[in-house]
There are 2 protein chains.
Amino acid sequence: MARWEPNAHDRLQRAALDLYGERGFEQTTVAEIAKRAGLTERTFFRYFADKPEVLFSGAGALQEFLVEHVAEAPDSAPPIEVVASALEATAGYFNERREFSAQRQAVIDANVDLRERELIKLASLASAIAEQLRRRGVGDPAAALTAEAGIAVFKAAFERWISEPGQHDFAKLVRDALDELKAVAAGA
Amino acid sequence: MARWEPNAHDRLQRAALDLYGERGFEQTTVAEIAKRAGLTERTFFRYFADKPEVLFSGAGALQEFLVEHVAEAPDSAPPIEVVASALEATAGYFNERREFSAQRQAVIDANVDLRERELIKLASLASAIAEQLRRRGVGDPAAALTAEAGIAVFKAAFERWISEPGQHDFAKLVRDALDELKAVAAGA
């Protein structure tokens, strides 16, 4: 009978990220991750389909969260503000996971396959947001352009958040990046 | 001795696109492409490394062209105008290849691996443009945001160009998409 392992998901994720950082993603085995976490391989596969899944399991939840926020925004809000507010609302999640996020990003940046998977996740996020904007009555190309501008803002905010030690509030960085996008688009 | 085959590159590309469209990308073999073009497999591999290369061989030239235009723009031009002008300048290329481009896009849209490869090419294009903007003295995040906004504009223009039968001038569609982006960013 399977023992109940308290906090197994997080222990496995922590162990995996540490090992990916120490040895490289390719060089790490699931057996090593399970061992470092004090758990079995079988437990690993109860939580994650494979090694990359440890890095990308949060992407689906993030997408749902953003889409829901876009759906619930007031009708009167301009589309870019709807998307920016949704991105700002992720700060509660990200602000608590700054070290995890930085470590995760370093692993992804070091591996071309993981970088490609990250790109695909972000493209899927942009499509889902654009689709939700269309349901709110935003036409094309505005829906697609707004969603892609939103993802560009998210990436700029995220990069600054993990690379500048003094930056702790993700929401403020989203707002700064949006202001920068507005200036850029206006031809400043 | 290898015979010189006039226009072999274009004949192979034409035959490949027709077959990808008729049978699907996966179901088409290099032998079939060569046969349809009246050439040998060996000739195919003189021009293309593999089946996807038929669809993506132009991406490198497009990237070089755009980066060069960004490099040569007047110093006084705002970054978003520099990128928009470079995109408009591709119209000479695209306007002559509307049918080819539409056929190529249909093949890509129908295959998840090709869609991913296209995403990766566009991300690489955005990085190359951002890098060239930095060389012109544009800081970050403005350089990255401008390049990504430019790619969003390019995609919006391209989609309209191949999906709306009345649209023949790619440059005009780039300008329209840029105006739309400006309106979106301003919160219209």
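Taken over the range B:87-101, residues that are touching a residue at least 12 places away in the same chain (Cβ under 8 Å) and within 15 Å of B:Ala16 (Cβ to Cβ) amount to 2.
So if I check each of B:Ala130, B:Ala106, which one is surrounded by 15 or more Cβ atoms within 10 Å (Cβ to Cβ), hydrophobic (A, V, I, L, M, F, W, C) and either within 14 Å of chain A (Cβ to nearest Cβ) or part of a helix (DSSP H, G or I) (or both)?
Result: B:Ala130 is the single residue among B:Ala130, B:Ala106 that is surrounded by 15 or more Cβ atoms within 10 Å (Cβ to Cβ), hydrophobic (A, V, I, L, M, F, W, C) and either within 14 Å of chain A (Cβ to nearest Cβ) or part of a helix (DSSP H, G or I) (or both).
Of note, B:Glu32 does not satisfy the criterion of being without any contact (Cβ under 8 Å) to a residue 12 or more places away in the chain, outside the structural domain of B:Val107 (by TED's automatic domain parsing) and part of a helix (DSSP H, G or I). The number of residues in the range A:64-86 that are in contact (Cβ under 8 Å) with a residue 12 or more places away in the chain, within 14 Å of chain B (Cβ to nearest Cβ) and either in contact with a helix residue (DSSP H, G or I) (Cβ under 6 Å, 6 or more places away or on another chain) or surrounded by fewer than 15 Cβ atoms within 10 Å (Cβ to Cβ) (or both) comes to 6.
In this structure, B:Glu118 qualifies as of a type in the set (Asp, Glu), within 12 Å of the chain's Cα centre (by Cα) and assigned to a helix (DSSP H, G or I). Going through the range A:46-60 one residue at a time, which ones are within 12 Å of the chain's Cα centre (by Cα) and either farther than 16 Å from A:Ile151 by Cα or surrounded by 19 or more Cβ atoms within 10 Å (Cβ to Cβ) (or both)? A:Leu55, A:Phe56, A:Ser57, A:Gly58, listed by residue number. The condition of being within 8 Å of chain A (Cβ to nearest Cβ), within 13 Å of the chain's Cα centre (by Cα) and under 16 Å from A:Leu122 (Cβ atoms) holds for B:Ala123. Return yes or no: is A:Glu180 touching a residue at least 12 places away in the same chain (Cβ under 8 Å) and either surrounded by fewer than 20 Cβ atoms within 10 Å (Cβ to Cβ) or within 10 Å of another protein chain (Cβ to nearest Cβ) (or both)? Yes.
Screening the range B:149-162 for residues that are within 11 Å of another protein chain (Cβ to nearest Cβ) and touching a residue at least 40 places away in the same chain (Cβ under 8 Å) and picking the one that is nearest to B:Ala102 (Cα to Cα) gives B:Phe158.
The values are calculated or read from the model by the stated rules, or taken from the named source; none is laboratory data. Note that the structure is a prediction, hence the values are computed from the model and not measured. Every residue, glycine among them, receives a Cβ derived from its backbone with ideal geometry; neighbour counts consider all protein chains shown.
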